[in-house]
Structure formats: structure tokens, C-alpha cells
Ligand SMILES: Nc1ncnc2c1ncn2[C@@H]1O[C@H](COP(=O)(O)OP(=O)(O)OP(=O)(O)O)[C@@H](O)[C@H]1O
Ligand SMILES: [Mg+2]
């Protein structure tokens with residue numbers, strides 16, 4: 001369980017997050033949605049402790065992050081996995097090296113044990129024949145999957161994904177969404193995902209937080225989001241022609 | 001960590017030996033020729049060519065000139081490799097995992113640069129040798145005169161002075177570009193800009209510390 005209370009973050013004069021309060025439960029896929037520039041990445045980076053908010057608190061299982069000691073923070077971070085918007089794989093390491101990296105840094109496992117774990121997670125993300133290739137040599141979708149594998153290799157309690165399926169074809173995107181949801185349920189992870197993909201919202205939006213101009217405009221589940229009357233939400237959700245048509249049909253059907 | 005350090009030694013030191021040797025041999029040659037051409041007075045002994053070559057190469061050209069070149073070559077490599085990691089969020093990824101990224105990225109480079117004085121020692125040797133070759137090829141003085149000059153009034157402390165400088169330069173070359181890469185912001189274009197700025201600052205700091213150290217150690 002992650003609880004966020006009245007979070008504020010500015011860069012100089014630009015006030016990006018303006019008092020966000022919400023919470024994310026264990027074993028659920030929590031989605032942050034909102035337009036480009038609405039502050040999703042900044043929000044997730046605050047959760048991770050990569051950015052320091054000026055005001056407000058973030059607590060993990062009731063422990064306030066900003067009050068943790070250096071050692072406690074390091075321990076907490078080892079329970080976090082993050083998939084960055086641009087994958088952020090280490091260029092100088094192979095796919096296998098990338099996924100093995102956290103194990104090498106933080107466990108005392110033998111090479112054979114690490115290798116077994118790496119094979120397992122790479123299998124889990126459906127990547128079986130890319131072990132020895134470098135990030136530059138694989139496709140964007142494969143990079144995303146490697147990033148997910150790296151994020152889950154340490155069995156994290158918290159998983160953060162910044163637009164895990166942006167730039168992917170719809171089929172691969174759904175594959176990745178489902179994968180994240182499966183892992184979340186299987187290992188009871190607290191998962192937070194940034195997205196502006198409506199497919200993801202429909203597929204895996206167990207809890208959705210809608211950000212607009214750095215404020216929480218709405219929150220609820222994917223069942224509720226298509227029924228809400230909140231103007232900002234419907235504008236966002238039905239911004240695509242396809243969804244407008246779907247809504248049209250839905251309304252006509254009802255009458 | 002050990003493999004990281006070995007990789008950096010390979011990248012920073014071994015991969016630079018070629019250019020270091022190339023530059024040293026020609027600079028040594030040029031110093032010898034210029035000294036020879038300026039010795040028009042027949043009263044000045046010919047062994048001065050060897051003497052001047054040794055002094056200039058050991059005191060200045062091998063440590064300082066090589067370091068400026070290294071500030072460009074090694075420095076831009078360091079800034080761009082760390083800077084690229086910054087803009088592609090690889091550094092954030094390290095931090096999120098709980099790795100002390102600054103330590104992880106910079107420490108191996110500082111350790112690798114501890115081997116830099118060996119590269120400068122090679123530059124000294126090769127530079128003097130280049131002077132010898134140029135001297136013989138141009139027929140300015142006899143081989144005997146040159147070697148006599150090399151051995152004349154040798155002050156071992158000059159070597160100490162040179163290596164103290166080199167060690168300081170090594171530290172500067174490892175740290176200033178790392179700093180510029182690590183704390184940069186922006187995108188790919190800014191990586192290039194950061195490399196340039198890092199080179200300017202690294203050279204400026206080398207030149208100034210060269211002046212200060214010379215004053216302190218020889219003055
Ligand atoms: N380091 C920074 N310095 C200054 N401003 C920043 C910084 N990072 C983000 N911002 C600003 O914060 C705002 C929100 O950015 P953010 O990256 O969180 O958007 P986002 O919702 O993730 O968008 P996208 O969907 O395009 O990824 C933007 O206006 C951006 O200009
Ligand atoms: Mg973003």
C-alpha cells in the first residue's frame with residue numbers, strides 16, 4: 001500500500017504537481033492517466049524518491065519516505081522495480097547482463113542461481129532468444145520487455161511503469177499490459193502505471209487516477225470511467241474518434 | 001567492481017597509448033630540432049641539444065601536453081558516456097535499484113587513472129627517443145653528444161616533480177569530466193555541449209594547477 005498525501009512539486013516557477021492525494025493498493029494495477037505534460041512522470045519520480053517534493057508525504061506501508069534513514073531508503077529501493085519511459089537499459093550490458101545486474105549488485109547468489117532466475121524472468125516476458133544481444137540490437141518492444149524483466153527480477157513489492165507500452169503496436173501493447181497485470185496479481189505487487197493508452201485503461205484499469213494540470217481531477221475504476229459525467233475525463237477518454245463512435249453507439253443502443 | 005575497473009583501465013589508458021606515443025615521438029623530435037637550430041653560437045656545446053630535449057620532455061611536454069590531449073580524448077569519452085546515461089535515465093535506473101550511481105560510475109575511473117603515470121612515463125621515454133632520432137636524422141649533433149647531454153646535470157627530483165603533477169592531472173581528468181556528465185540535464189545535443197564545456201574546464205584547471213604546482217615544487 002502506497003499513500004500519497006497533498007503532494008506538491010515545482011521546478012523553479014513551474015508548479016507541476018499541485019497537491020495530489022491518493023493511495024495505491026497491493027495486488028492491483030493502479031493507473032495514472034492524463035495528457036502529455038500533466039505531470040505523470042514527475043509524480044512517479046516523486047514516488048520513487050528520484051525527485052524531492054516540496055510539500056506533502058508519501059508513505060510505504062505507513063512509513064513516511066522522507067523520514068526514512070539512508071539505509072532504510074536503500075532497503076526500500078531494493079523492493080522497488082521501475083520501468084522507465086525510455087526503458088533505460090544499460091547500453092554496455094547485454095540483455096542477460098541487464099537483467100542480472102540487480103542480482104549481482106544485491107545478492108550473493110552463485111552464477112548458476114542468477115542465471116536460472118534471469119532465464120525465468122526473461123521467459124516470463126516472452127523473450128527467449130535475445131540473451132546475448134545488446135539493447136541497441138533489439139526492437140523497442142523487446143527493450144520494454146527486458147526493462148520489465150529487470151524490474152521484476154528481484155521480486156519487488158512495488159512496481160512502477162512509465163508508459164510501458166508507448167510506441168508499441170496494439171497487439172504487443174496488450175501483451176505487455178496483461179503481463180504486468182498477471183505479475184501484479186501473482187506476486188501481490190503494488191503496481192503503479194503511467195499511461196495515456198485507452199486500451200490499457202479498459203484492460204487493466206483496476207484503479208485509475210486522472211491527472212489534469214498537476215491536480216487529481218478524478219479517480220475510480222475502468223468500470224466507472226466510461227460512465228462518469230466529469231467533463232475533463234470524458235473529453236480525455238473520448239478524444240479519439242474511435243471512442244467517440246463507440247460512445248455514440250452505446251448511447252443509441254440505450255435509447 | 002574489479003571487472004569495471006579493468007574495463008576502464010583498458011578504455012582510458014590502453015586505448016590512449018597509441019596517440020600518446022605518436023604525439024610524444026614527434027614533440028620530442030621538434031624540441032630537438034628547434035634547440036639545434038637555435039644553437040648558432042659555436043661556443044655552446046652540442047650536447048645541449050640532448051640536455052634541452054630531456055628537460056623539456058620530462059618537465060613539461062610529457063606530463064602537461066599529454067594531459068591536455070587526454071583531457072580531450074579521455075575527458076570527452078567520460079563526459080559523453082556518463083552524460084548519455086543521464087539523459088537516457090540509466091543513472092535514475094541505478095539510483096532506483098539502490099546503487100550509489102556517482103560512486104559506481106566515477107570511482108572505477110579514478111582508480112583506472114592511477115595508471116596514467118605509467119602512460120606518461122612511456123611518453124617521457126618515447127619523447128626523448130624521438131628527439132634522439134630527429135637529432136641523428138637531421139645531423140645536428142653526434143649520437144655521443146646527445147646521450148652525454150641526456151645524462152648531464154640530472155636532477156632526480158625533476159622526475160618526482162613530474163610525477164606529482166601527473167598524478168594531480170590524472171585526478172583532474174577523471175573527475176571534472178565525470179562531474180559534467182553526471183550533473184548534466186537535457187538531451188542528446190546537451191551531451192555534446194557538456195563534453196565541450198568539460199574539456200574547456202579540464203584544460204583550464206590543468207594549466208592553472210600546473211602553474212601552481214611548479215611554483216610550489218620548483219620555485
Ligand atoms: N526536470 C524538469 N525541469 C523543469 N520542468 C520539468 C522537469 N521535468 C518535468 N518538467 C515539467 O513538468 C511538466 C510535467 O512533465 P511530465 O514529464 O511529468 O509529463 P508527463 O505527464 O509524464 O507527460 P508525457 O505523457 O508526455 O510523458 C511538464 O510541463 C514539464 O515541462
Ligand atoms: Mg511522462
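Structure values in brief
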{"quantity": "Qualifying residue in the range A:25-33 (condition: within 13 Å of ligand 1 (Cβ to nearest atom), facing another protein chain (nearest Cβ under 10 Å) and within 13 Å of the chain's Cα centre (by Cα))", "calculated": "no"}
{"quantity": "Failed item, numbered, when residue A:123 is tested on (1) more than 27 Å from residue A:22 (Cα to Cα); (2) outside any loop (DSSP other than H, G, I, E, B); (3) within 14 Å of another protein chain (Cβ to nearest Cβ)", "calculated": "(3)"}
{"quantity": "Some residue of the range A:69-77 being within 14 Å of chain B (Cβ to nearest Cβ) and buried (at least 16 other Cβ atoms within 10 Å of the Cβ)", "calculated": "yes"}
{"quantity": "Residue within the range A:131-147 that is within 13 Å of chain B (Cβ to nearest Cβ) and within 22 Å of residue A:24 (Cβ to Cβ) present", "calculated": "yes"}
{"quantity": "Any hit, the range B:82-89, residues being under 24 Å from residue A:144 (Cα atoms), outside any helix (DSSP H, G or I) and within 9 Å of chain A (Cβ to nearest Cβ)", "calculated": "yes"}
{"quantity": "Selection within the range A:151-172 - away from ligand 2 (no atom under 16 Å from the Cβ) and either free of Cβ contacts under 8 Å to residues at least 40 places away in the same chain or within 13 Å of chain B (Cβ to nearest Cβ) (or both)", "calculated": "A:151, A:152, A:153, A:154, A:155, A:156, A:158, A:159, A:169, A:170, A:171, A:172"}
{"quantity": "Among the residues listed as A:189, A:176, A:183, A:193, the single one being under 14 Å from the mean Cα position of the chain (by Cα), within 16 Å of ligand 2 (Cβ to nearest atom) and under 29 Å from residue A:226 (Cβ atoms)", "calculated": "A:193"}
{"quantity": "Given (1) closer than 21 Å to residue B:5 by Cβ; (2) within 14 Å of another protein chain (Cβ to nearest Cβ), index of the condition residue B:95 fails", "calculated": "(1)"}
{"quantity": "Conditions (1) within 12 Å of chain B (Cβ to nearest Cβ); (2) crowded, with 21+ Cβ neighbours inside 10 Å: number failed by residue A:39", "calculated": "(1)"}
{"quantity": "Meets criteria (away from ligand 1 (no atom under 16 Å from the Cβ) and modelled with pLDDT of 90 or more) for residue A:84", "calculated": "no"}
{"quantity": "Cross-chain or 6+ apart pairs with Cβ under 7 Å, the range A:92-105 first and within 9 Å of chain B (Cβ to nearest Cβ), then surrounded by fewer than 18 Cβ atoms within 10 Å (Cβ to Cβ)", "calculated": "A:101/A:90; A:101/A:93"}
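Let's see how each residue does on (1) within 16 Å of ligand 1 (Cβ to nearest atom); (2) assigned by TED's automatic domain parsing to the domain that holds residue A:201; (3) within 24 Å of residue B:94 (Cβ to Cβ):
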position	(1), (2), (3)
A:2	no, yes, yes
A:6	no, yes, no
A:23	no, yes, no
A:43	yes, yes, yes
A:48	yes, yes, yes
A:51	yes, yes, yes
A:70	no, yes, yes
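The values are calculated or read from the model by the stated rules, or taken from the named source; none is laboratory data. Computed from a predicted model, the values in this text were never measured in an experiment. Positions of Cβ are generated from backbone atoms using ideal geometry, with glycine treated the same way; all protein chains shown enter the neighbour counts.
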